[in-house]
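Undergrad: Below you will find the structure I want to go over with you.
The values are calculated or read from the model by the stated rules, or taken from the named source; none is laboratory data. Predicted model only: the values in this text are computed from it and were never measured. Ideal geometry is used to build each Cβ from the backbone, glycine not excepted, and the neighbour counts take in all protein chains shown.
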Amino acid sequence: MNDEQIRTLVQTVVDGETDAAVKTAEEFVHANGDIDLALKKLTEEMKGVGDRFEQLEIFLPEMMASADAMKAIMKIFLPKLKESTGVDASKGRIVIGTVAGDQHEIGKDIVSVMLEIFGFTVYNIGTDVDPLEFIKRADEVGADGIAMSSLMTTTMAGQREVIEIMKEKGVRDKYFAIVGGAPVTPEWAEEIGADGYSDTAFGAVKLVARLVEERRTK
Ligand code: B12
């Protein structure tokens, strides 16, 4: 049943059928389906949507319809995920956003909610975030770290820029800086001097937990 519902869910999201996707997601939650697994499959399939867009097999309105369906079911899934996980964490404070010029928010929002689920205090500052804004907000809230999402090869440089500005302002060691998003690789993270990278939301949680712990024991 789980598998069949996940298949239907994935198909309705890929087809951009928001109403059908929402209905299936509600049934899935009601039947105590494995939300983690569903999100994993959906993330994989969203990459497929992107590939078809790149190959001109589908066009922007179709990609937008898929994104809308995905966002609609996230509204159902994410609060449930929060309810079901009662894990404690080292209670770090994280500022998270998508870098300048980039409007992609779905992955960043998943990471943000997963961090909250695991007990971190998260300041989600949205998309198309100016590099200085990341640092300003980190200062304001006394953050442990800054998490930057980028979904486009054309906006990844924004992650480097934030780290460079942190160095210029003498706050590079004050906050850890982590990066993620579909085009981001461990090599890129290393090249720009980030403190870490992950390609999954749960990986991001483990990374943040480790980095906060390191700061506490320094
Ligand atoms: C949905 C989508 C959209 C939606 C976004 C809706 C929204 N509100 O977010 C819409 C339709 C609006 C859109 C617009 C555009 N898009 Co778009 N989009 C996508 C698509 C299909 C899926 C992205 C997604 O949501 N994935 C699902 C989430 C869950 O996965 P994720 O974001 O990767 O996040 C996971 C991990 O990466 C990680 N993670 C994410 N962030 C972070 C941060 C940290 C710190 C960590 C540790 C981990 C982490 O955890 C997440 C959970 O597992 C991708 C395809 C792809 N390959 O990614 C194209 C894609 C990113 N888009 C692309 C393009 C070109 C565009 C447009 C320019 C199209 C246009 N001509 O207008 C515009 C750009 C607008 C802008 N200025 O930003 C290209 C980018 C190509 C490039 N240059 O690199 C892609 C790759 C499609 C393609 N193959 O051509 N897009």
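Undergrad: Residue 40 versus (1) surrounded by fewer than 14 Cβ atoms within 10 Å (Cβ to Cβ); (2) closer than 21 Å to residue 151 by Cα: which is the lone unmet condition?
TA: Against the list (1) surrounded by fewer than 14 Cβ atoms within 10 Å (Cβ to Cβ); (2) closer than 21 Å to residue 151 by Cα, residue 40 comes up short only on (1).
Undergrad: Here's a follow-up. In this structure, is residue 102 in a loop (DSSP other than H, G, I, E, B) and modelled with pLDDT of 85 or more? Walk me through it before giving the result.
TA: Working: in a loop (DSSP other than H, G, I, E, B): yes; modelled with pLDDT of 85 or more: yes.
The answer is yes for residue 102.
Undergrad: Further, regarding this structure: For segment 122-137, does any single residue satisfy the condition of being assigned by TED's automatic domain parsing to the domain that holds residue 161, without any contact (Cβ under 8 Å) to a residue 24 or more places away in the chain and over 18 Å from residue 212 (Cβ atoms)?
TA: Within segment 122-137 (the criterion being assigned by TED's automatic domain parsing to the domain that holds residue 161, without any contact (Cβ under 8 Å) to a residue 24 or more places away in the chain and over 18 Å from residue 212 (Cβ atoms)), the answer is yes, since at least one residue qualifies.
Undergrad: Please go through segment 160-187 and pick out each residue that is within 30 Å of residue 35 (Cα to Cα) and either assigned to a loop (DSSP other than H, G, I, E, B) or in contact with a helix residue (DSSP H, G or I) (Cβ under 9 Å, 6 or more places away or on another chain) (or both).
TA: Listed by number, the residues that qualify are 176, 177, 178, 179, 180, 181, 182, 183, 184, 185.
Undergrad: Can you tell which of 143, 177, 147, 138 is surrounded by 21 or more Cβ atoms within 10 Å (Cβ to Cβ), more than 7 Å from the ligand (Cβ to nearest atom) and within 15 Å of the chain's Cα centre (by Cα)?
TA: From the options 143, 177, 147, 138, the qualifying one is 177.
Undergrad: When residues of segment 192-218 are filtered for being surrounded by 16 or more Cβ atoms within 10 Å (Cβ to Cβ), within 10 Å of the ligand (Cβ to nearest atom) and outside any helix (DSSP H, G or I), how many remain?
TA: 5
Undergrad: Which condition number does residue 107 fail, the rest of (1) assigned to a helix (DSSP H, G or I); (2) small (Gly, Ala, Ser); (3) free of Cβ contacts under 8 Å to residues at least 40 places away in the same chain being met?
TA: Of (1) assigned to a helix (DSSP H, G or I); (2) small (Gly, Ala, Ser); (3) free of Cβ contacts under 8 Å to residues at least 40 places away in the same chain, only one is false for residue 107: (3).
Undergrad: Now, a different point. From 13, 22, which residue is within 19 Å of the chain's Cα centre (by Cα), part of a helix (DSSP H, G or I) and under 22 Å from residue 108 (Cα atoms)?
TA: Sole residue among the options that is within 19 Å of the chain's Cα centre (by Cα), part of a helix (DSSP H, G or I) and under 22 Å from residue 108 (Cα atoms): 13.
Undergrad: Here are some residues: 110, 117, 73, 35. Which one is within 16 Å of residue 203 (Cβ to Cβ), more than 11 Å from the ligand (Cβ to nearest atom) and of a type in the set (Val, Ile, Thr)?
TA: That would be 117, the only listed residue that is within 16 Å of residue 203 (Cβ to Cβ), more than 11 Å from the ligand (Cβ to nearest atom) and of a type in the set (Val, Ile, Thr).
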